[in-house]
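A short write-up of the structure that comes next.
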Amino acid sequence: MHRNMPTSPKIYHGNSTPLADAELAALIDAHPKPSSISEYSYGTAGFRYEAGLLPCVFVRMGIFTALRSASLGGEEVGAMITASHNAEPDNGMKLADSHGGMLDAAWEEHAVSLANAPDSKHALALIHTLSDYAKGNHPDATADGRLPKMVVHIGRDTRSHSPPLAALVIRAARAMGATVIDHGEVSTPMLHHFVMHANGHLLPSSIPQRCNESGYYEIMAMSYAALLRTGTVGSGGKRLPTTSTLVIDGACGIGASKVDKFQRIFAKLRAEGCTTGLPVLHTVNFPGEGPLNEECGAEFVQKQQLPPKLYSKSAAGVSKEYMTSFDGDADRVVFHFEDKSGKFHLLDGDKIAVLVSSFIQDELRCIDPDGKAVKCGVVQTAYANGSSTLYLKNVVKTNVIIAKTGVKFVHAAAHHHFDVGVYFEANGHGTVLFGPKFYDFIASADARLRGTPRHNRANIALRRLRVLPALVNQSVGDAMSDMMLVDAILFLRGWDLSTWARLYSDMPSKQAKVKVADRTVITTNDNETAATAPVALQIALQAAMDAMATQENADGGPKPRCFVRPSGTEDAVRVYAEANTQKGADSLASEAMVLIHKLCGGVGEPPQPLITNRL
Ligand code: 16G
Ligand code: MG
């Protein structure tokens, strides 16, 4: 098959007679819990471990996803096999509920219990409890005593161990009698999109239902092109020479292959005469061209604040004026560029939140100048750069909420608090959620503006806002869709990355991690801005921040800030510090690392002071 062709999923029907207990027990027993694991934890975004430790979890999660689908009366759910931005030896699983978003928190607990059941006997007891729950909830669908219909969508990233792990999930889900739709290699947001679209009754009516790979590309491309076509007002609607070619660093992972397929749709748009503003997409760092996520990709670029290594031969001489980096499963994106003097500039998730929220708010105000009809806001995490939070509050004049790290928390906060909720973590994971009031607003604006001139500014705003829910992935952050959204906004504003970067200057910051014997000794408050245990740690961190504020004479300006939290994806404690100078941020982070090492059972030698060398 041509490598640019979207692939079709494989459908595996479930065993017509689900396995009897003894056979299920044998399947579970064949994949025992490794002795090195005392307890599997669900972490920030599902289970994530070195691949060799995962077969036990994956068999049980195949069973679990089937039961989750049954508990929802046959709504379709998903499992994505990926360790995202982690190194190649790791793997993991992210679970998608029927609305396409993250697994419900109560069911997360059931997943953890099943993963950790000490043996098949305990696992079967849990399986029976969950089966009974599903049957009790849907008595009509289970008249013959069987479980309701079950459908599980599966996707995987490009890691070498993903296919055998996927095979285990498929086998276990089928053993329960579930139908498995195997999408093969896809990005995480694509898998979430498929699940959301498979449950059409949960999809907002303005989004066309397309539950396959070509549908995914088409919806995105059509809404993107529609957005570009509105570029007829003001000084925008220009593609500057500096944004004519968009170079995409695919982290040597799945995102690169998928952008390549997306190119087909671009070619189709061009053939249909839609040439307004389309950039050339130049993808580099394909799977196999370099080690996954190593010295490239969003995680490396954002955490190290360095440009990615370009492994592809085709990268020779490429322009560095307009670049993005995806992470290994393409649910994160950051932008970056090299200026004329060769200096590297990063535009992270905070910058994306500022660009996107101010754009949406400006368009809404063209229709509703008071800005009262729809409540907009931005959800950030403690990692958001202090300058971005100030800019959002003081210049964009929008609501800002700080939530706990992890998509499940920021997504829930955006959904709960706002009619248009923009959330982006500084690491580049984010999206925009549109709630029922937004759709009502669009419908009433549509009725009110019907018959008014097409080039009336309110009408243009309406056309722009109307396509956003289809362009922006409504289930999770999506590197490809976010990239297209940002590109379209830059085009409509007539900006390039340097104009966007100049909106505000980031406070210098430093991130680091420390190994401790048991990272659970550190607990934090709800939004992770302060440690609640050990008590002495927060007291010492506060003293360090105060001393830095005095040293930097930060009166009136943003104050130096530092927080620590146990990682949810790695065996480490994370440190974040920001100050008015890089030296200050480095010194604050170094001090926090030494404190963690001393007060929280650090492993090995005490950390050495950090020094940032800028390019
Ligand atoms: C995962 C999360 C991301 C979070 C990161 C924090 C999802 C889909 N992804 O990648 O949102 O920022 O973990 O990692 O939830 P940490 O807990 O190791 O710092
Ligand atoms: Mg990811």
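Can you say whether LEU433 is open to solvent by less than 30 Å² (accessible area, probe 1.4 Å) and within 16 Å of ligand 1 (Cβ to nearest atom), as far as the supplied structure shows? Taking the combined requirement at face value, the residue satisfies it.
If we scan the stretch 165-177, do we find a residue that is within 20 Å of GLY73 (Cα to Cα) and not assigned by TED's automatic domain parsing to the domain that holds ALA83? No: the stretch 165-177 contains no residue that is within 20 Å of GLY73 (Cα to Cα) and not assigned by TED's automatic domain parsing to the domain that holds ALA83.
Residue-wise test of (1) crowded, with 20+ Cβ neighbours inside 10 Å; (2) within 16 Å of ligand 1 (Cβ to nearest atom); (3) aliphatic (A, V, I, L, M); (4) within 18 Å of VAL486 (Cβ to Cβ).
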site	(1), (2), (3), (4)
VAL259	yes, no, yes, yes
PRO291	no, no, no, no
GLU294	no, no, no, no
GLU299	yes, yes, no, no
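Where residues in the stretch 93-111 are of a type in the set (A, V, I, L, M) and open to solvent by 30 Å² or more (accessible area, probe 1.4 Å), which of them is nearest to GLY328 (Cα to Cα)? Restricting to residues being of a type in the set (A, V, I, L, M) and open to solvent by 30 Å² or more (accessible area, probe 1.4 Å), the top hit is MET102. Of the residues making up the stretch 415-429, those that are out of contact with any Phe, Trp or Tyr (no Cβ under 9 Å at 6 or more places or on another chain), part of a strand (DSSP E or B) and away from ligand 2 (no atom under 16 Å from the Cβ) number 1. Could you look through the stretch 157-204, keep only residues that are hydroxyl-bearing (Ser, Thr, Tyr) and over 21 Å from the mean Cα position of the chain (by Cα), and pick out the one that is least open to solvent (accessible area, probe 1.4 Å)? Only one residue fits best here, namely THR179. The set of residues from the stretch 81-95 being of a type in the set (A, V, I, L, M, F, W, C) and near ligand 2 (Cβ under 9 Å from one of its atoms) comprises just one member, ALA83.
In the stretch 500-550, what residues are over 30 Å from VAL486 (Cα atoms) and small (Gly, Ala, Ser)? Correct list: ALA517, ALA530, ALA531, ALA533, ALA536, ALA540, ALA543, ALA544, ALA547, ALA549. Filter the stretch 304-334 down to residues that are under 19 Å from ASP350 (Cα atoms), aliphatic (A, V, I, L, M) and not in a loop (DSSP other than H, G, I, E, B), then give me how many there are. Result for the stretch 304-334: 3.
Residue-level check: of (1) in contact (Cβ under 8 Å) with a residue 24 or more places away in the chain; (2) open to solvent by 80 Å² or more (accessible area, probe 1.4 Å), THR7 misses just (2). Out of VAL301, VAL284, VAL280, VAL247, one residue alone is modelled with pLDDT under 95 and β-branched (Val, Ile, Thr). It is VAL280.
Considering the stretch 205-220, the residues that are of a type outside the set (Gly, Ala, Ser) and surrounded by fewer than 16 Cβ atoms within 10 Å (Cβ to Cβ) include one that is modelled with the lowest pLDDT, namely PRO208.
Can you name the residue in the stretch 430-463 that is assigned to a loop (DSSP other than H, G, I, E, B) and of a type in the set (S, T, N, Q) and, of all such residues, is nearest to ligand 2 (Cβ to nearest atom)? In this case the residue turns out to be ASN456. For the stretch 450-482, enumerate the residues that are in contact (Cβ under 8 Å) with a residue 60 or more places away in the chain, among the β-branched types (Val, Ile, Thr) and open to solvent by 10 Å² or more (accessible area, probe 1.4 Å). VAL467, the sole residue that qualifies.
The values are calculated or read from the model by the stated rules, or taken from the named source; none is laboratory data. Predicted, not measured: the structure shown is a model, and the values here were computed from it. Methodologically, a virtual Cβ is constructed for each residue, glycine included, from the backbone with ideal geometry; neighbour enumeration extends over all protein chains shown. Heavy atoms of the whole protein, side chains included, go into the accessibility calculation; ligands, DNA and RNA do not. Shrake-Rupley method; radii C 1.70, N 1.55, O 1.52, S 1.80 Å.
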